[in-house]
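In what follows, a structure is listed as structure tokens, so that the remarks can point back to it.
The values are calculated or read from the model by the stated rules, or taken from the named source; none is laboratory data. Remember, predicted model here, so these are calculated numbers, not experimental data. We place every Cβ from the backbone using ideal geometry, glycine too, and count neighbours over all the protein chains shown.
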Amino acid sequence: MIEVGQRHAGRVTEVEPVWVTVELEGGERAKLHVTRILPRGMRLHSAVGVLRVGDRVRVTVAEIDEQRGMIGVNLDAKLEGDDEISSSQLIEPPGPS
């Protein structure tokens, strides 16, 4: 049973500008909102280009909406082989002005 606060590995199955669908281990589907991809205080306008279908990720369950049948997650890291790329490392910092 999935509970708020649990960490799970999963695979990205769909990417839209505002939502990313993640299939968690065990087959449950979760939604990752664009505002939950980067750490608090960092803004991202679109998930497209940051995550791709097939990417492996580690997420934390942030909410479970039983009425809508939705699991909301926060991104902890993108998994590449044995490496974990933290969410704050997914975008390049702005260059000098």
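Residues in segment 19-61 that are among the acidic types (D, E) and in contact with a Ser or Thr (Cβ under 6 Å, 6 or more places away or on another chain): E23 alone.
Take segment 39-84 and flag every residue that is acidic (D, E) and farther than 15 Å from T13 by Cβ. Give the derivation first.
Here is the first cut: in segment 39-84, the ones acidic (D, E) are 55, 63, 65-66, 76, 80, 82-84.
Result: E63, D65, E66, D76, E80, D82, D83, E84.
Based on this model, can you work out whether I2 counts as in a strand (DSSP E or B), of a type in the set (V, I, T) and modelled with pLDDT of 90 or more? The answer is no for I2.
For segment 5-41, give me the residue count where each residue is aliphatic (A, V, I, L, M) and part of a strand (DSSP E or B). Spell out the reasoning first.
So the first thing to find is which residues in segment 5-41 are aliphatic (A, V, I, L, M), and the list is 9, 12, 15, 18, 20, 22, 24, 30, 32, 34, 37-38.
With part of a strand (DSSP E or B) added as a condition, the list becomes 9, 12, 15, 20, 22, 24, 30, 32.
Total meeting the criteria: 8.
Taking residues in segment 65-80 that are more than 15 Å from E23 (Cβ to Cβ), and partners anywhere that are of a type in the set (K, R) and not in a strand (DSSP E or B), the pairs with Cβ atoms closer than 8 Å and at least 6 places apart or on different chains are N74/R36.
The residues of segment 32-56 that are at pLDDT 90 or above, surrounded by fewer than 18 Cβ atoms within 10 Å (Cβ to Cβ), of a type outside the set (S, T, Y) and over 22 Å from G81 (Cα atoms) amount to a single one, H33.
If you take the residues of segment 8-19 that are in contact with an Asp or Glu (Cβ under 7 Å, 6 or more places away or on another chain) and of a type outside the set (S, T, Y), which of them is nearest to E84 (Cα to Cα)? Steps first, please.
Residues of segment 8-19 that are in contact with an Asp or Glu (Cβ under 7 Å, 6 or more places away or on another chain), as a first pass: 8-13.
Adding the requirement that they be of a type outside the set (S, T, Y) leaves 8-12.
Details: H8: 13, A9: 11, G10: 13, R11: 14, V12: 15 Å.
Taking the candidates together, the pick is A9.
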